[in-house]
1. Which far-off residues, 5 or more places away or on another chain, put their amide H under 5 Å from the one on Ile122, with H placed in the peptide plane?
2. Can you give the helix-only mean residue ellipticity at 222 nm for the chain, where every DSSP H stretch with n ≥ 4 adds -39500 (n - 2.57) and the sum goes over all residues, rounded to the nearest 500 deg cm²/dmol?
3. So what are the radius of gyration and Dmax for the Cα set of the range 149-237, in Å?
4. Net charge within 12 Å of Asn214 by Cβ-Cβ distance, Lys/Arg positive one each and Asp/Glu negative one each, not counting Asn214 itself?
5. Between their Cα atoms, which of Lys119/Lys208; Lys119/Lys203; Lys166/Lys256; Lys181/Lys260 are more than 19 Å away from each other?
6. Please report the net charge: other residues with Cβ closer than 10 Å to the Cβ of Glu201, K and R +1, D and E -1.
7. Beta carbons within 10 angstrom, averaged per residue: use that to sort the peptides 119-129, 229-239, 156-166, 102-112, highest first.
8. Which number do you get for Rg(Cα) / (2.2 N^0.38 Å) in the range 96-218?
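The values are calculated or read from the model by the stated rules, or taken from the named source; none is laboratory data. As the structure is a prediction and not an experimental result, all values here were calculated from the model. Quick reminder, even Gly has a Cβ in these numbers, built from the backbone with ideal geometry, and neighbours come from all protein chains shown. To get the accessible areas, we keep the full protein, side chains included, count just its heavy atoms, and leave off ligands, DNA and RNA. Shrake-Rupley method; radii C 1.70, N 1.55, O 1.52, S 1.80 Å.
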Amino acid sequence: MFSNKNIIGVFDSGLGGLSVFKHFLKTLPQYNYIYLGDNAHVPYGGKSKDVIYEYTKEAIDWLFAQGTNLIIIACNTASAEALRRIQQEYLPKKYPGQKVLGVIRPLAEAAGQNKKLHKVGIIGTRATIDSNVYQTEIKKLNKKIKVYQISAPLLVPLIEEGWTHKPEAKNILKSYLQPLKVKNLDALILGCTHYPFLLTETKKIMGKHCLVPNTGDIIARSLKNYLTRHPELKLKPSARPIVKFYTTDDIKQFKKLGEKFLGRPITRIEKIKL
Ligand code: DGL
């Protein structure tokens, strides 16, 4: 049974969502959080829509069972392939009145509403790129904008292995970005929450004229705004906020890389089965 415990739930297929969560902790440090990484099933990016939906649904059930008042899917792939169905079919039936948000809308708005941008690139997992969701959302806001998309399936496993600083990772990133670089883009959106861990390298490759926005910061500011507009969620600031982490795979690996990615210690962590 759902019980309101004053917690924000954050979900990703693995460690990538930490690039967003880091900014939640910075922008909205007064709340209690549960972060869930489905590391046992990562990467989601090459899986079918139905499988991504099933995994996401299980994560949502688990997070609501912990008493979360609101869930953020800090995963582009799950946001692209499962969020709409969850919001339109699953929530009204199983959790009427409860809210689950994704990460694509705020990023698409940041691109589509910026009048200085004429050519925008999107880099994401195969599932996100094939869904065409960024192109659709951005074009709703600015029909004239040109959107170029590339999927980069090898990056997520490299990041989950902690290979971000290895030359092999940089070379693979460079190969993926090459077709976008030649388009002389005004901006490149990192449409996968894992990729910000390669932000410095990405900026270097794309050059000074190409804006590579800090996606975690945009999503955190959008959440802050959402919370002020939705007092009915009954999320109250906590005097001593609690942050808990859960993974569906090895705790040691999550802690080791997670602490590096978050830049702070992970003290409360448990393994769960979805
Ligand atoms: N971090 C995720 C995303 O934003 C998923 C990566 C994956 O599991 O393939 O797309």
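1. Here Tyr148, Gln149, Ile150, Ile189 satisfy the definition.
2. -12500 deg cm²/dmol
3. 16.2, 49
4. Net charge in that neighbourhood comes out at +3.
5. Working: Lys119/Lys208 15 Å; Lys119/Lys203 16 Å; Lys166/Lys256 17 Å; Lys181/Lys260 29 Å.
Listed pairs above 19 Å: Lys181/Lys260.
6. Charge balance near Glu201 sits at +4.
7. Working: 119-129: 24.9, 229-239: 11.8, 156-166: 17.6, 102-112: 21.8.
Those peptides, ordered most packed to least, come out 119-129, 102-112, 156-166, 229-239.
8. On the way: Rg = 14.3 Å, N = 123, 2.2 N^0.38 = 13.7 Å.
Against the compact-globule rule of thumb, the ratio is 1.05.
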